[in-house]
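Colleague: Let me give you the structure first, and then I'll get to my questions.
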Amino acid sequence: GIAERWLSLAEADIVRGEWAAPERRAETVAAWAERWLAQGQWRAQTAASYQAKLRSLVLPRWQSVAVGNVTREAVREWATDLATEGYSPASIRHAAGTLSRVLALAVEAGALATNPCERLRLATPRPSEIRVLTPKQVEALAHAIEHPVFKPAGHGARVAAPDHRPDLALWVRLGAYCGLRAGELGALRRKHIDLDQQVLQVSESLADVNGHLTFGPPKSGKSRAVPIPSSLAGDLRRHLAAKVDADPDALVFTSEGGGPIRHSNLYRRHFKPAVEQAGLPSDLRFHDLRHAHAALLISLGAHPRAIMERLGHSSITVTLGVYGHLLPSLEAELTQRMDEAITAATEDPIARILHGPSGPTTS
């Protein structure tokens, strides 16, 4: 009968490792998302980011769908719909990744045999989404933020002379030449900097979560040591002496009131005006300084693993996923250098006189 057929199919699924409890398969994606958020051990900013991604992109499509009814084809169609609505490949991948993490919990709990999002091919972020600044552009930005030019107020109003801000120039340079995230710079303390060894320790990050400034671990969850270029060590030493309290826990960069920096305020009041003053693209973000650092490392021939460690990525896959499109140009440059070395060796006149056109011989 029907019961015997269901039992035989269930036994076959168990043998294949594909059986899942029917009552759990019927639970909605929204219910599993709630469980997933509750069991996560994330920084406050990461949790807020996941909540926003679920609310804006994932749950509008999937909240009432049973996890057992989520198929690979349906996820692909959803991704296509998001692209049609104008979302970038990066945003779509983040949304699909969030859904995949929710479904992974369902797999772990026995509600699903497999994760329909696993190894799903989606469009990769376009290289054009990453803006790379040259060192000259970085210096133009640092100069503009250090020496701001205020526009006249008009109607005879007097404008206070703009402040000289070498601290903000250092903030920009550390972002570009050490690759620190804005939150990592905001959480940098005196005790994290060793000028004798010219290294700084990234072990905290400052985040603005729903209007509240909170300190937590770096994005990868691990601390890392970052070398300080000698050209920045002098500026950093002067800044510590002039602006930073002697307390080892004193923040290196603070607001005008002496407290932690609220990045949105610094962005609006200083960074964006400096971008305009330096003649840089208006949509430039502080995070693009980190891309500039990665591009500079790649141009200097750094191994991807070294770039991963310097930037504090969680894995080499992340590094290659974000910056892999910059590596072919490095490969071409290395091949050209190899050709130049071979040509120089074969055209060495002394070698030709001593050994003839065929090079040295062995006896």
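The values are calculated or read from the model by the stated rules, or taken from the named source; none is laboratory data. Predicted, not measured: the structure shown is a model, and the values here were computed from it. For neighbour counting, all protein chains shown are included, and Cβ atoms are generated from backbone atoms with ideal geometry for every residue, glycine included. Ligands, DNA and RNA are excluded from the accessible area calculation, which covers all protein heavy atoms including side chains. Shrake-Rupley method; radii C 1.70, N 1.55, O 1.52, S 1.80 Å.
Colleague: With θ set to phi - 60° and the Karplus curve 6.51 cos²θ - 1.76 cosθ + 1.60, what are the ³J(HN,Hα) couplings of the stretch 104-112 in order, to the nearest whole Hz, using x for Gly and Pro?
Modeller: Taking θ as phi minus 60°, the curve returns 5, 5, 5, 5, 4, 8, x, 7, 10 Hz for the stretch 104-112.
Colleague: For a test of the definition: using alpha carbon positions, the gyration tensor, and the 1.5 limit on a/c, classify the stretch 211-279 as rounded, prolate or oblate.
Modeller: Numbers: a/c = 1.33, a/b = 1.11, b/c = 1.20.
Note, shape of the stretch 211-279 comes out rounded.
Colleague: Here's a follow-up. Using a ≥ b ≥ c from the Cα gyration tensor of the stretch 64-137 (square roots of the eigenvalues), is it rounded, prolate or oblate, where a/c under 1.5 gives rounded and otherwise the larger of a/b and b/c decides, a/b for prolate? The partial results should precede the final answer.
Modeller: Values: a/c = 3.53, a/b = 2.16, b/c = 1.63.
It comes out prolate by the Cα gyration axes.
Colleague: Now a separate question. Convert each backbone phi in the stretch 213-229 into a coupling constant with the Karplus relation 6.51 cos²θ - 1.76 cosθ + 1.60 (shift: θ = phi - 60°), then list the ³J(HN,Hα) values in order as whole Hz, x for Gly and Pro.
Modeller: 7, 10, 9, x, x, x, 4, 6, x, 10, 7, 8, 9, 10, x, 9, x
Colleague: To continue, here is another question. Cα gyration tensor of the stretch 168-317, axes a ≥ b ≥ c as square roots of the eigenvalues: rounded (a/c below 1.5), prolate (a/b > b/c) or oblate?
Modeller: rounded
Colleague: Next question, about the same structure. Exceeding 26 Å between C-alpha atoms, which entries from my cross-link table qualify? They are Lys53/Lys136; Lys136/Lys191; Lys191/Lys243; Lys191/Lys219; Lys243/Lys272; Lys53/Lys222. If you can, show how the numbers build up before the last one.
Modeller: On the way: Lys53/Lys136 36 Å; Lys136/Lys191 31 Å; Lys191/Lys243 15 Å; Lys191/Lys219 20 Å; Lys243/Lys272 23 Å; Lys53/Lys222 24 Å.
Lys53/Lys136; Lys136/Lys191, as the Cα separations exceed 26 Å there.
Colleague: Where does each of 191-201, 87-97 land if you order them by average Cβ count within 10 Å, highest first?
Modeller: On the way: 191-201: 14.6, 87-97: 17.5.
In decreasing order of mean packing, 191-201, 87-97 become 87-97, 191-201.
Colleague: If DNA, RNA and ligands are ignored and the probe is 1.4 Å, what is the ranking of Asp283, Asp247 by accessible area, most exposed first? All intermediate terms of the calculation are to be shown ahead of the outcome.
Modeller: Details: Asp283 90, Asp247 70 Å².
Result of the area sort, largest leading: Asp283, Asp247.
Colleague: Find the centroid of the Cα atoms in the stretch 212-274 and in the stretch 34-89, then give the distance between the two in whole Å.
Modeller: 34
Colleague: While we're looking at this one, here's another question. Taking H as built 1.01 Å from N, whose amide H comes closer than 5 Å to the amide H of Arg189, not counting residues under 5 places away?
Modeller: For Arg189, the qualifying residues are Val252.
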